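Input: a single structure, listed below in structure tokens.
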Amino acid sequence: MSRSFDPMQLGSIELFCKAAELSSFTAAAQALGITPAAVSRSVARLEARLGARLFVRSTRQIRLTDDGRSYFEQCEQALAQIEQAGRVVSGRQSEPTGTLRVSVPTTYAHHRLFPLLPAFNEAFPKLKLEVSVSNRNIDFVEEGFDLAIRLGTPADSRLVARPLEEATLGVFASPAYLKRRGMPATLVDLRQHDCIPFVLPRTGRAVAWLFREDGADIERPVDGPVRVLDDVLGCVNHARAGGGLCQIYHFIADTAVRNGELKEVLQRYGGRSRPFTILYPHNRHVAPRVRAFVDFVAAKLATTTSPV
């Protein structure tokens, strides 16, 4: 049976669907990592082949014509069927395979991710992991990463950001330090203590400590004789050695507290947290290996963390 369909149209159809989905050539270009002009040219070629106008364009927005809406609905169904066929043939629908490259900051890797990996490997034995433990920013495309776990939610429309947890903070010091310098009772008392600030490499500024007092959120700058750069775990180790007070996540300090190496102080000012997020490129069809990792880690953390 002869077919008039040009296989080269498939890429143009995918670009058209993304532009229709986001109602913007610019947003579609950002999501796919190309230029708005490339999306516009591709759609124009598709309109020429079809002999129909798919979008009404203005200087600020685009909207589908009646023909465009009908074409979009049918193309969405066709693309879904194509992906389903690929999953069936590759056998990936039921069991993810291949190599997954993940970038994770040091704190989260050692205290959150690595404890989960044995169970992940058991659940997905045909999936290999490459974990880069680093606090630097990465380029997903240039460096070939599939996923990253980061503090906060980057304002990048090319990335999908799925929240993992709100990690609660506390202030900790060693029993030896507290015996030598006394127990701080108020935030004003911090001025009389050696605080251990963490300096952000990209800004060169110390991270302010977060507190809550009488229902109000407070940010308090701190300083001390030792400032730590690059790896926040240095703050914890210096505090364990008796070097002063540090503010850190409870999930990092918990083991040292149980062992008697650290003691939490200023609990009456607690309640603040920072978010950790898992990131991956915004594609129409998420790879099974990516989906498996995201769902597994999110589900495991949901059972081990408490709501703030």
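The figures follow:
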quantity: Peptides 259-272, 230-243 ordered by average Cβ neighbours within 10 Å, highest first; calculated: 230-243, 259-272
quantity: The chain: Cys lacking any partner C-beta under 4.7 angstrom; calculated: Cys17, Cys75, Cys195
quantity: For region 253-293: rounded, prolate or oblate by the Cα gyration tensor [a/c cutoff 1.5]; calculated: oblate
quantity: Residue order, fewest to most beta carbons within 10 Å, for Cys246, Cys75; calculated: Cys75, Cys246
quantity: Cα-centre dipole for region 112-211 with unit charges at Cβ (Lys and Arg positive, Asp and Glu negative), debye to 20; calculated: 440
quantity: About the Cα centre, charge dipole magnitude for the chain (Lys/Arg +1, Asp/Glu -1 at Cβ), debye; calculated: 200
quantity: Proxy reagent accessibility, fewest Cβ within 10 Å first, across Leu245, Leu151, Leu200; calculated: Leu200, Leu151, Leu245
quantity: Answer label, with Rg and Dmax of the Cα atoms in Å calculated from the coordinates and candidates (i) 17.9, 54; (ii) 20.1, 63; (iii) 25.4, 88; calculated: (iii)
quantity: Set of lysines with alpha-carbon distance to Lys263 below 18 Å, sequence-local pairs under 8 removed; calculated: Lys179
quantity: Helix-only CD estimate at 222 nm, as mean residue ellipticity for the chain, using -39500 (n - 2.57) per DSSP H run (n ≥ 4); calculated: -11500 deg cm²/dmol
quantity: Rounded to the nearest 20 debye, dipole of region 9-90 from Cβ charges on Lys, Arg, Asp, Glu; calculated: 320
quantity: Span-like helix ranges in the chain, DSSP H, alpha carbon extent 18 angstrom or more, Kyte mean at least -1.0; calculated: 9-22, 36-50, 66-90, 288-304
quantity: Between region 114-141 and region 225-301, the Cα center-to-center distance that results, in Å; calculated: 17
quantity: Counting DSSP beta bridges with both ends in the chain, the antiparallel % (nearest 5); calculated: 70
quantity: Fewest-first sequence of Phe251, Phe211, Phe276 by Cβ atoms within 10 Å of each Cβ; calculated: Phe251, Phe211, Phe276
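Just so you know, all these numbers are worked out from the coordinates, no wet-lab data involved. Because the structure is a prediction, the values reported are computed rather than measured. Cβ: placed from backbone, ideal geometry, glycine included. Neighbour counts: every protein chain shown.
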